[in-house]
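Beneath this line is the structure, given in structure tokens, with notes to follow.
What follows draws every value from the coordinates through simple rules; no lab data is involved. The structure presented is a predicted model; accordingly, all values stated were derived computationally and were not measured. Neighbour counts run over all protein chains shown; Cβ positions are idealised from the backbone, glycine included.
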Amino acid sequence: DSADIGVTGMAVMGSNLARNLARHGYKVAIHNRSVAKTEAVIAEHGSEGAFFPSESIADFVASLKAPRVAIIMVKAGGPTDAVIEELAEHMEPGDIIVDGGNALYTDTRRREAALKERGLNFVGMGVSGGEEGALNGPSIMPGGSPEAWERLSPILRDIAAKADEDGEPCTTYVGADGAGHFVKMVHNGIEYADMQVISEAYDMMSKALGMSAAEIGDRFAQWNEGDLESFLIDVTATVLKHVDARTGKPFVDIILDRAAQKGTGAWTVQTALDLGVPVTGIAEATFARFVSGDIAQREAAQKTLQAHTADEQITDPEQFIDDLQKALYASKLVAYAQGFEEIAKGAEVYGWDIDLGAMARIWRAGCIIRAKFLDRITEAYERDANLTLLLADPYFAEAINDCVPAWRRVVAFAAANGFPVPVFASSLSYYDAIRAERLPAALVQAQRDYFGAHTYQRVDAEGSYHVEWTRDRSETRTDGGEG
Ligand code: NDP
């Protein structure tokens, strides 16, 4: 008797994914570099289903039914390469190696190309939802060959989260080679922005209105009933209402204000820079974590940099809280829209045929950014699969228009009174830039032409031009055309 599928890497994610598979009736081969973790899974959860434990990769592969499917759930980077190599040595053409870790999509592209040469299928599979998701249903973003998806699809559909609205599994074929890990990366980047905008609203309620953590938690719980309904808002409400057992203080108040990161936000931003996509919300959210973490710089600034604030009092707290909700929603719309622009650009550059609406659909359950409003994104791409700008979709445009006055009040108040709101403010600037009839980019082009002869185009004529700045300042056409 042999196993239907295997999982190697029995830390939290791998063991939970293996249990999820077993609970759905699959015979699951399991393996871990150190045997103790495999034994622990059998000891604690062996009764949940049919597990086939192995101590070596050779035995692990031998226990799989052909064509074999082995999922890797180990530390990303070098460890993943090492495990792939070992698996590949024992596998046969047509077998499928799946990397469920948080790999950088360029690594996935490289691995896929190398394994294809050896006749093996390689699937880079983004898995979101943390350990809870892995066990009870994550959102799964697989990229690789369509044939590999064909084989994996029934299994992944079984173990994926199911959307509340229609019971649809939160997985679909994303695209070739690194597409799945690319989409997972952007998902994480959006997650950074979403967490930051929530935190900015919290910060203003706390500092500008003097509300307690519990009071703010109640507001988030209320907001979770409306357009903002999402896992992250729900988590926020719960965390803010939690009291520290040791001190009796609000839990959030006893936590050091330094945000850590494991790098997927930075990857999203680095990739966006390479692709030329302005993901300002994700970038500011990532930078905000860096700012919070540099204690020496913060101390130096606290000693020397003055506030010069207006010290305004908020006269209508209810109105202000309402404004914050709108500022949060508008900034969130911008951050998500920018993330989708990055996916669209990645798809274009790497030749992936990504169904953008489907990406929003498979994030509706299981993953960290699951939210009611993702349906709106799906609907927008259903209305127009080749949307030039997600924010210009009628729903998004109306939703954001409705928020703009409140959004401006919040950002203006924050600026006048010294509250940092990097994502609220930069998202509003992005909004104003993208809708501006004319941008100061004209001046930038003039400067570039002055010092670097980089040329410019005219509003009133075809072609590229250059001014002889240091000579007679005459204009010449540089693209060979007439004029
Ligand atoms: P870790 O990232 O902490 O990795 C630990 C696992 O990797 C152990 O099984 C360990 O084996 C194995 N490992 C490390 N180095 C090697 C090596 N050189 N050769 C073989 N095996 C090795 O585990 P997680 O469960 O947290 O995450 C697994 C993957 O899933 C990661 O890529 C992570 O980024 C990704 N992920 C994690 C999420 C989370 O919420 N934690 C969410 C989504 C994705 P040993 O026991 O022998 O040390």
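When you scan the stretch 97-106, do you find a residue that is within 16 Å of the ligand (Cβ to nearest atom), assigned to a helix (DSSP H, G or I) and in contact with a strand residue (DSSP E or B) (Cβ under 9 Å, 6 or more places away or on another chain), even just one? Yes. Residues in the stretch 312-338 that are aromatic (Phe, Trp, Tyr) and under 20 Å from Gly217 (Cα atoms): Phe320, Tyr329.
When the stretch 439-460 is examined, which residues are found to be charged (D, E, K, R) and either under 19 Å from Leu391 (Cβ atoms) or not in a loop (DSSP other than H, G, I, E, B) (or both)?
Filtering the stretch 439-460 for residues charged (D, E, K, R) gives 448-449, 458, 460.
Selection gives Arg448, Asp449.
If only residues of the stretch 1-48 that are in contact with a Leu (Cβ under 7 Å, 6 or more places away or on another chain) and aliphatic (A, V, I, L, M) are counted, the one that is nearest to the ligand (Cβ to nearest atom) is Val7.
Which one of the conditions (1) surrounded by fewer than 23 Cβ atoms within 10 Å (Cβ to Cβ); (2) over 26 Å from Gly263 (Cβ atoms) does Phe220 fail to meet, given that it meets all the rest? All conditions pass for Phe220, except number (1). For the stretch 24-58, the set of residues classified as free of Cβ contacts under 8 Å to residues at least 12 places away in the same chain and of a type in the set (Asp, Glu) consists of Glu44 only.
If the condition is being in contact (Cβ under 8 Å) with a residue 40 or more places away in the chain and part of a helix (DSSP H, G or I), then the stretch 135-158 contributes Leu135, Asn136, Ala148, Arg151, Leu152, Ile155, Asp158. Count of the stretch 244-266 residues, restricted to those that are under 20 Å from Gly180 (Cβ atoms) and either surrounded by 12 or more Cβ atoms within 10 Å (Cβ to Cβ) or hydroxyl-bearing (Ser, Thr, Tyr) (or both), is 4. Restricting the first member to the stretch 372-384 and to residues that are farther than 14 Å from Ser230 by Cα, and the second to residues that are part of a loop (DSSP other than H, G, I, E, B), the beta-carbon pairs closer than 8 Å and six or more apart or on different chains are Ala380/Leu387; Ala380/Asp393; Tyr381/Asp355; Tyr381/Leu387; Arg383/Asp393; Asp384/Asp393.
Of all residues in the stretch 113-158, count the ones that are under 18 Å from Ile97 (Cβ atoms) and not hydroxyl-bearing (Ser, Thr, Tyr).
Here is the first cut: in the stretch 113-158, the residues under 18 Å from Ile97 (Cβ atoms) are 113-127, 140-153, 155-156.
Restricting the remaining residues to those that are not hydroxyl-bearing (Ser, Thr, Tyr) gives 113-127, 140-144, 146-152, 155-156.
The qualifying residues number 29.
Screening Ala76 on (1) in a loop (DSSP other than H, G, I, E, B); (2) over 14 Å from His181 (Cβ atoms); (3) within 10 Å of the ligand (Cβ to nearest atom) shows it passes everything except condition (2).
Residue by residue, here is whether (1) under 30 Å from Met205 (Cα atoms); (2) free of Cβ contacts under 8 Å to residues at least 24 places away in the same chain; (3) touching a Gly at 6+ places or on another chain (Cβ under 6 Å); (4) surrounded by fewer than 13 Cβ atoms within 10 Å (Cβ to Cβ) holds:
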{"position": "Trp407", "(1), (2), (3), (4)": "yes, no, no, no"}
{"position": "Val411", "(1), (2), (3), (4)": "yes, no, no, no"}
{"position": "Gly418", "(1), (2), (3), (4)": "yes, no, no, no"}
{"position": "Ala441", "(1), (2), (3), (4)": "no, yes, no, yes"}
{"position": "Arg477", "(1), (2), (3), (4)": "no, yes, yes, no"}
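Note on the stretch 42-73: residues that are part of a helix (DSSP H, G or I) and of a type in the set (A, V, I, L, M) total 6. Scanning the stretch 59-89 for residues that are free of Cβ contacts under 8 Å to residues at least 60 places away in the same chain and either β-branched (Val, Ile, Thr) or over 23 Å from Val123 (Cβ atoms) (or both) yields Val61, Thr80, Ile84.
Scanning the stretch 200-216 for residues being surrounded by fewer than 21 Cβ atoms within 10 Å (Cβ to Cβ) and assigned to a helix (DSSP H, G or I) gives a total of 6. In the stretch 12-37, which residues are surrounded by fewer than 23 Cβ atoms within 10 Å (Cβ to Cβ) and more than 16 Å from Asn136 (Cα to Cα)? Selection gives Lys27, Arg33, Ser34, Val35, Ala36, Lys37. Give me the residue from the stretch 267-310 that is in a loop (DSSP other than H, G, I, E, B) and of a type in the set (S, T, N, Q) and, out of that set, surrounded by the most Cβ atoms within 10 Å (Cβ to Cβ). By that ranking, first place goes to Thr309.
Of all residues in the stretch 284-310, exactly one satisfies the criterion of being of a type in the set (Asp, Glu) and over 22 Å from Val423 (Cα atoms), namely Glu299.
Here Lys65 clears all of (1) buried (at least 18 other Cβ atoms within 10 Å of the Cβ); (2) of a type in the set (Lys, Arg); (3) away from the ligand (no atom under 15 Å from the Cβ) except the condition numbered (1). Filtered by the rule that a residue be farther than 17 Å from Ala70 by Cα and among the β-branched types (Val, Ile, Thr), the stretch 118-171 gives a lone residue, Thr171. Examine the stretch 240-259 for a residue that is within 16 Å of the ligand (Cβ to nearest atom) and at positive phi, and state whether such a residue exists. No. With respect to the conditions (1) without any contact (Cβ under 8 Å) to a residue 12 or more places away in the chain; (2) part of a helix (DSSP H, G or I); (3) in contact with a helix residue (DSSP H, G or I) (Cβ under 8 Å, 6 or more places away or on another chain), Val235 falls short on a single one, namely (3).
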